1. Working only within the stretch 100-121, note down all residues that are among the acidic types (Asp, Glu) and assigned to a loop (DSSP other than H, G, I, E, B).
2. Failed condition for Pro159, given (1) closer than 20 Å to Phe72 by Cα; (2) open to solvent by 50 Å² or more (accessible area, probe 1.4 Å); (3) not acidic (Asp, Glu), with all others met?
3. So, in the stretch 139-156, how many residues would count as being small (Gly, Ala, Ser), open to solvent by 40 Å² or more (accessible area, probe 1.4 Å) and assigned to a helix (DSSP H, G or I)?
4. Filter the stretch 60-89 down to the residues that are more than 18 Å from Phe182 (Cα to Cα) and open to solvent by 40 Å² or more (accessible area, probe 1.4 Å), then identify the one that is farthest from the chain's Cα centre (by Cα).
5. Check Gly178, Gly163 and return the single one that is modelled with pLDDT under 95, part of a loop (DSSP other than H, G, I, E, B) and under 21 Å from Pro115 (Cα atoms).
6. Looking for whichever is assigned to a helix (DSSP H, G or I) and not polar (S, T, N, Q) here; the options are Gly136, Gly124. Which one fits?
7. Here is a check on your reading of the model: is Asp131 within 22 Å of Lys70 (Cβ to Cβ), among the charged types (D, E, K, R) and without any contact (Cβ under 8 Å) to a residue 24 or more places away in the chain?
8. Would a scan of the stretch 84-101 turn up a residue that is at positive phi, of a type in the set (Gly, Ala, Ser) and either touching a residue at least 60 places away in the same chain (Cβ under 8 Å) or touching a His at 6+ places or on another chain (Cβ under 9 Å) (or both)?
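The values are calculated or read from the model by the stated rules, or taken from the named source; none is laboratory data. Predicted model, so just to flag it, every value in this text is computed and none were measured. Heads up, the Cβs are rebuilt from the backbone with ideal geometry, glycines too, and the neighbour counts pull from every protein chain shown. Ligands, DNA and RNA are excluded from the accessible area calculation, which covers all protein heavy atoms including side chains. Shrake-Rupley method; radii C 1.70, N 1.55, O 1.52, S 1.80 Å.
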Amino acid sequence: MSEAAVRGLRRGAILAGVLAVAMGGGWLMLREERGEASDPAAGYAAAVGGPFTLTDTKGRRFGTGQLRGKPFAIFFGFTRCPDVCPTTLSRLARLRAKLGADGDRINVVFVSVDPESDTPEEIGRYLTLFDTPIIGLTGTPGELAAVQRAYAVYAERVPLEGGGYTNDHTATVFLMGGGGEFVSTVYGDGDS
């Protein structure tokens, strides 16, 4: 490639960069004029969570209104999960224990991603393994898909060789405020 062609490509790349910055700046100014959030994190925080109604371990309907007034940590998994789910729930249980009496000031919520196998009763038995109060929830495939979308959770059934299946899923704990607003995340593979 000739030196003139390289200079032309550089000029084109610089011009494209300048245009992208100018357009991005104009877009941000327009959003500010409209009163829209210019902080991407604020947009993400506003998009995470939302109201839902599922079924608890006693077979009763349970909605986000029952979580109001108390911060909660919500985790999506399944009872036959070999490692991430029990490890994450154990860490949340240890965290509550470390907090002592203050541990009762936060709810821990486990939402199944496997409605086929995770009945309310099965989830109830599973959660007794963690020796801390955990709200276990399941629902119809449609209800669970809607909650997963609301929390930007990935979950997919994966067939196993020789039959059966497992579930790939997001291993994030979402920390929510007492009003149901997103506060932060904690990843299931971190230390506590």
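1. Asp114, Glu116, Asp118
2. Only one criterion is unmet by Pro159, namely (1).
3. Number satisfying all stated conditions: 2.
4. Out of the qualifying residues, it is Arg60.
5. Details: Gly178 fails: under 21 Å from Pro115 (Cα atoms).
Just one listed residue meets the conditions, Gly163.
6. Of Gly136, Gly124, the one residue that is assigned to a helix (DSSP H, G or I) and not polar (S, T, N, Q) is Gly124.
7. Numbers: within 22 Å of Lys70 (Cβ to Cβ): yes; among the charged types (D, E, K, R): yes; without any contact (Cβ under 8 Å) to a residue 24 or more places away in the chain: no.
In short, no.
8. Scanning the stretch 84-101 turns up no residue that is at positive phi, of a type in the set (Gly, Ala, Ser) and either touching a residue at least 60 places away in the same chain (Cβ under 8 Å) or touching a His at 6+ places or on another chain (Cβ under 9 Å) (or both).
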